[in-house]
Each structure stands twice: as C-alpha cells, then as structure tokens.
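Okay, structure first, notes after.
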C-alpha cells in the first residue's frame, strides 16, 4: 500500500464510501494501482476499518492474495478434481495482463483462475473475461474461468450467471491451534 501517498488515502476513502465511481476509475483518477484501491475498499467494506488501520489492511490483502495463490498452487485439486497447473509455476503473461494461475482440466480445456483476497468487484468479471478471451484468441483453445474470492459483490454473481464457462468459488480460512 506504500504506492498511495498518505495524503491521498482520505480522498480515496471518501470516493469509495460515496460509491459513485468504480475501483478502476478511482485508481486512474489518483494514478495508483487498482489493487491498492481494492485493498482500501476491502478494509472499509469487509473489515470495517478506517484511518491508519487501512494501511495495515492493504498489506494484509496483498499478503492474503499471495498466500492464497501459493496455497492453491500446492493443492490445486482442492479447487477441482483433475486440474493440473500449466503455467510453469508463475503468473502467465497475456495481452490482457497476468493470469494468477493457468491450469488445464481433465478434458484438456484451459482454466483461467483469478484470485481475490477480499470481495470480488464487478471489475473482476471484466478482468477474468479479458484473460479468457486473450488466451482463446492467441492459442485457439477451449477456455473457461474460475473466479475465487472471499466474497462476491451482487453484480458479480448476476454477471457470472450469464457467462457460460465462468464459475465463482468462495474460499474460507480455517485456523487450527496446537499447544506447544
């Protein structure tokens, strides 16, 4: 979250709370990464945080997404039986951006997996569809997508219902503790 100047955070927070602009529009207005705005939005909406807590929540959001990707890469079959990762262990670069995880299913269709640590916003649908389209166009293969998130905006759920080959999967963390 160090990419957002401290004096800009209250302005960004206000625009998020007003709800008149998309995450992408806010990021473009302030010249900051979309992911940084998503971190602030997650801090406000999902965790009910404010002020300096937003900075820490943004770091947590980035860390969670990185950890989620790492965990999913080592246990990809938990997402769906028969999936095999085919991106060489790193995000696949396309003309639309970097795919978090690229896999193939048991029928050899490519599966674009996009991860969101917090709530998936409507921008997430455009993002995964762009990745799917880019892959389909360049490789001339069957492609489907799985959007994995902690929660889904209602518009994301409605939009996904209209897209054949796109699934939404909600994740949950479970903690266990062991006395030492």
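When region 68-84 is filtered for residues that are touching a helix residue (DSSP H, G or I) at 6+ places or on another chain (Cβ under 7 Å) and without any contact (Cβ under 8 Å) to a residue 12 or more places away in the chain, nothing remains. Considering only residues that are at pLDDT 90 or above and surrounded by 10 or more Cβ atoms within 10 Å (Cβ to Cβ), look in region 162-180 and name the one that is farthest from residue 19 (Cα to Cα). Selected residue: 165.
Here residue 53 fulfils each of the conditions (1) more than 20 Å from the chain's Cα centre (by Cα); (2) more than 20 Å from residue 168 (Cβ to Cβ); (3) at pLDDT 70 or above apart from (3).
Among the residues of region 93-113, those that are farther than 17 Å from residue 166 by Cα and either loosely packed, with under 12 Cβ neighbours inside 10 Å or free of Cβ contacts under 8 Å to residues at least 24 places away in the same chain (or both) comprise 93, 95, 98. Here is the figure for region 134-150: residues that are within 12 Å of residue 116 (Cα to Cα) and at pLDDT 90 or above total 4. Note on region 114-142: residues that are closer than 15 Å to residue 85 by Cβ and in contact with a helix residue (DSSP H, G or I) (Cβ under 7 Å, 6 or more places away or on another chain) total 2.
Identify, from the list 144, 155, the residue that is surrounded by fewer than 21 Cβ atoms within 10 Å (Cβ to Cβ) and closer than 20 Å to residue 19 by Cβ. Of 144, 155, the one residue that is surrounded by fewer than 21 Cβ atoms within 10 Å (Cβ to Cβ) and closer than 20 Å to residue 19 by Cβ is 155. Say whether the condition of being farther than 17 Å from residue 65 by Cβ, buried (at least 19 other Cβ atoms within 10 Å of the Cβ) and touching a residue at least 24 places away in the same chain (Cβ under 8 Å) is met by at least one residue in region 114-123. No, region 114-123 contains no residue that is farther than 17 Å from residue 65 by Cβ, buried (at least 19 other Cβ atoms within 10 Å of the Cβ) and touching a residue at least 24 places away in the same chain (Cβ under 8 Å). Take the conditions (1) over 25 Å from residue 26 (Cβ atoms); (2) free of Cβ contacts under 8 Å to residues at least 24 places away in the same chain; (3) in a strand (DSSP E or B); residue 87 misses just one of them, which is (3). Residues of region 126-165 that are closer than 25 Å to residue 92 by Cβ and in contact (Cβ under 8 Å) with a residue 40 or more places away in the chain: 134, 135, 138, 146, 148, 150.
The values are calculated or read from the model by the stated rules, or taken from the named source; none is laboratory data. Everything numeric here is computed off the predicted structure, so don't read it as measured data. FYI the Cβ positions are ideal-geometry reconstructions off the backbone, even for glycines, and counts take in every protein chain you see.
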